[in-house]
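In what follows, a single structure is set out as structure tokens and then discussed.
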Amino acid sequence: MTMIKYILKLKRLFTYELINKVNLKKQNIELDNNVLIRGKIHIKNQGQLKIGEKTIINSGKKFNQVGYNEDTTITVRTAAVLNIGKNVGISNVNIFCQNKIIIGNNVQIGGGTNIWDTDFHSINYKERIIEKDSNVKSFPITIGDNVFIGANVTILKGVIIGEGSVIGAGSVVSKTIPKNEIWAGNPARFIKKCN
């Protein structure tokens, strides 16, 4: 790498970091020490958002090629709570928090993963068309410590993933998963116990 390319790369990294820090401060996001954000993230915080120490958030294909070139996007709606624990790794993830999402410590979340604690829309067509989605369901999500979530997983409302469990790539998780188990598929099913 030539010196000019190296200087331009450092300038881009500094620019992203500066933009992210200004954006986070402006939105009253609680950041612990040594949080590293690589790439431009998109955050809309209207509730409470806390990011624990030593968490690394990657955004965009330059920082993780998994995730279809998507940036990390985090939305926390009014009165909602999103708490990301310590030493968490996130790459090109979409988190939408309408109610409450708790992500434990030492969790790894693969690229292209979606974590949504809401249905976004009513399943009743009359409510979607006539009443403008007046009956949208939302339930908290809890992801325990030491969980590994593969790439392109979707975690839906009301899910609890037990400590130490593994979710296989491409899975759709719609129900509670006990601790120390491997689950995969659409819908996610029990594969085996973790060693």
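Things worth noting here:
- Cβ-based net charge around Thr55, under 9 Å, with every Lys or Arg adding one and every Asp or Glu removing one: 0
- For segment 124-185 and segment 92-114, distance of Cα centres in Å: 10 Å
- Taking 0.36 nm per residue of separation and subtracting the Cα-Cα distance, full extension of the segment from Gln46 to Asn33 would add 2.5 nm.
- Cα-Cα over 23 Å, subset of Lys44/Lys86; Lys54/Lys192; Lys86/Lys192; Lys157/Lys179; Lys126/Lys175: Lys54/Lys192; Lys86/Lys192; Lys126/Lys175
- Environment charge at Asn146 (Cβ cut-off 12 Å; Lys +1, Arg +1, Asp -1, Glu -1): 0
- Contour excess over end-to-end distance, with Cα ends at Lys126 and Lys179 and 0.36 nm allotted per residue: 15.1 nm
- Amide H contacts under 5 Å for Thr154: Asn114, Ser171, Val172, Val173, restricted to partners 5 or more places along the chain or on a different chain, H placed in the peptide plane at 1.01 Å from N.
- Net dipole in debye of segment 106-195 [+1 Lys, Arg Cβ; -1 Asp, Glu Cβ; about Cα centre; nearest 20]: 260 debye
- Positive contributions from Lys and Arg (+1) and negative ones from Asp and Glu (-1), summed over other residues with Cβ under 12 Å from the Cβ of Lys86, come out at -1.
Read the figures in this text as sums done on the coordinates, not as results from a lab. These figures come from a predicted structure and were not determined experimentally. Backbone-built Cβ (ideal geometry, glycine too); neighbour counts: all protein chains shown.
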